[in-house]
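Each remark here refers to the structure printed beneath this line.
The values are calculated or read from the model by the stated rules, or taken from the named source; none is laboratory data. Keep in mind that this is a model prediction, so the values were computed, not measured. Cβ atoms come from the backbone with ideal geometry, glycine included; neighbour counts cover every protein chain shown.
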Amino acid sequence: MHDEVNELIALRKGSDKAFEVIYKRYAGKLYNFVMTLSHGDRYTSEEIVQSAFIKLWEVREQIDIEKSVHSYLSVIAKNMLLNKLQRQTIEYLYQEFILREQPTSDTTTEREIDRKWLADFVDELIEQLPPSRKKIFILSRKDDLSTRQIAEIMHISVSTVETQLSLATRFMRRELEKNYDKLFVISLLLLI
């Protein structure tokens, strides 16, 4: 317990080494926990574990060193999984609605134009990332590689990959929020 407190103190100060030690200690346990909750969905489990550790890094300065890291990560992972399942359910219901309604070709064309605009906009944002961050982001989000696989390919630590993904995601979110009105309109059109 004393070692964990020292690691949390170091993590709060931004220590990559402490993060890596915590990752190695809890990633396997967290993966097994998420595998159980997701009924054996390996891809989702890996994605949730990566996201939970990214979240841990993002909020490291607010971590309560008196509380269990494993419990903290488990709550984060459980909430992320529930959010993902909720999004999947909404997407499924939306697809079912679209299939039932069979929209006119004009509406379909408008939706395709809006989807293309959004995809092009996201591609433009990716191009603005620094070269190594861009490569990490593409390997993660488009090629669906795990942080461990990316670290091996790029010869960097897993925690560096996670930090770079967090920074890229934060940049993307910030830029998308600047264009919120357009995105809000598109999302409404997609739900109609």
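Descriptive notes on the structure:
- Some residue of segment 133-147 being modelled with pLDDT of 90 or more and within 20 Å of TYR23 (Cβ to Cβ): yes
- Residue match in segment 32-46 (condition: at pLDDT below 90, exposed (fewer than 15 other Cβ atoms within 10 Å of the Cβ), among the polar types (S, T, N, Q) and not in a helix (DSSP H, G or I)): no
- Applying the criterion of being of a type outside the set (Ser, Thr, Tyr) and within 13 Å of the chain's Cα centre (by Cα) to the residues of segment 148-170, the residue that is modelled with the lowest pLDDT is ARG170.
- Check on ILE22, hydrophobic (A, V, I, L, M, F, W, C) and more than 19 Å from GLN164 (Cβ to Cβ): no
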